[in-house]
Amino acid sequence: MSTFSRLTSALAVAALTIATASAQTPASPALPSETPATLQPVVDSFDYIRREAMIAMRDGVKLHTVILVPKVAKSAPILFTRTPYSANALTSHANSSHLGPILYGYDNATDVIVEGGYIRVIQDIRGKYGSEGDYVMNRAVRGPRTPPPSTRPPTPTTPSTGSSKTSRRPTAKSAYSASPTTASSPSWPSSTRTPPSKSQSP
C-alpha cells in the first residue's frame, strides 16, 4: 500500500470520527449558570463606606487609593498612609461589616481610628500594586528647581583687587586673654573704696 493511500485512509477515518461526534446529542441538557454576570454585594448594614479611586499626581501618574468613611462621620479628620504593602491588603484583614476588624493589623491604630471617627485613607506608592508609575526606593532630591550638578551655572566668584595679600579684620582682645606679661590689672571702680594696702612689718 502506497504512502498516498495510507494518508487518504487516515484522513477519511478522521473526518468520519468528527462527523459522528458532532451528530451525538449531549447526555443532559445544558443547565443555566447560577453565577450572575455582575456581583453587587449588599453593604447596607455596614458601618462604613468603602471607595477606591485613582488619584492623579502633579505629573499625571495615578495612585490607587482606598478610602474608608465611617457612616457616622461628619466633618471628620483623615488619617492618611502611603504604603508599599498593598492598600487592599491593609484594609481587608477580615470579612466584616464593621470598620475595626478589617483594619486590625499592621500599621493601623484601630482603637484610635474607630473611637476617634477618623476617615482612613491608604494609598499604594508609585509602581506598587494598583498604582501607576515606576517604583524607586531612594529618589534623589532633584527636580525643576534642583537640576543635576552638571547643568548648574558656575558659582560666582568675588573679583580680585590685584593685591596678593589678604587683609584680615582686627579682632578685639580682652585684657584677660593676653599673655601674663602684658595683661593689665583690673581697675577698681571710682565709686568704691581704694583697695587695702599691704600691711607693713614692724
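Before moving on, here are some points about what is shown:
- When segment 109-124 is limited to residues that are surrounded by fewer than 18 Cβ atoms within 10 Å (Cβ to Cβ) and of a type outside the set (D, E, K, R), the one that is nearest to Leu68 (Cα to Cα) turns out to be Ile119.
Let's see how each residue does on (1) in contact with a strand residue (DSSP E or B) (Cβ under 9 Å, 6 or more places away or on another chain); (2) loosely packed, with under 15 Cβ neighbours inside 10 Å:
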| site | (1), (2) |
| --- | --- |
| Ser45 | no, yes |
| Arg51 | yes, yes |
| Met54 | yes, yes |
| Pro77 | yes, yes |
| Thr83 | yes, no |
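To keep it simple, each residue is scored yes or no on (1) of a type outside the set (Lys, Arg); (2) modelled with pLDDT of 80 or more; (3) closer than 30 Å to Lys128 by Cα; (4) in contact with a Cys (Cβ under 9 Å, 6 or more places away or on another chain).
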site	(1), (2), (3), (4)
Ala19	yes, no, no, no
Ser22	yes, no, no, no
Pro26	yes, no, no, no
Pro36	yes, yes, no, no
Pro41	yes, yes, yes, no
Arg50	no, yes, yes, no
Arg58	no, yes, yes, no
Lys62	no, yes, yes, no
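- Candidates Val72, Val121, filtered to the one that is assigned to a loop (DSSP other than H, G, I, E, B), of a type in the set (Val, Ile, Thr) and touching a residue at least 12 places away in the same chain (Cβ under 8 Å): Val72
- Listed by first and then second residue, the pairs linking a residue in segment 79-90 that is under 11 Å from Val121 (Cα atoms) to a residue that is among the acidic types (Asp, Glu) and at pLDDT below 95, with Cβ atoms under 9 Å apart and 6 or more places separating them unless they lie on different chains, are Thr81/Asp107; Thr83/Asp107; Leu90/Asp107.
The values are calculated or read from the model by the stated rules, or taken from the named source; none is laboratory data. The model shown is predicted, which means the values in this text are computed figures rather than measured ones. Positions of Cβ are backbone-derived with ideal geometry, glycine not excepted, and every protein chain shown enters the neighbour counts.
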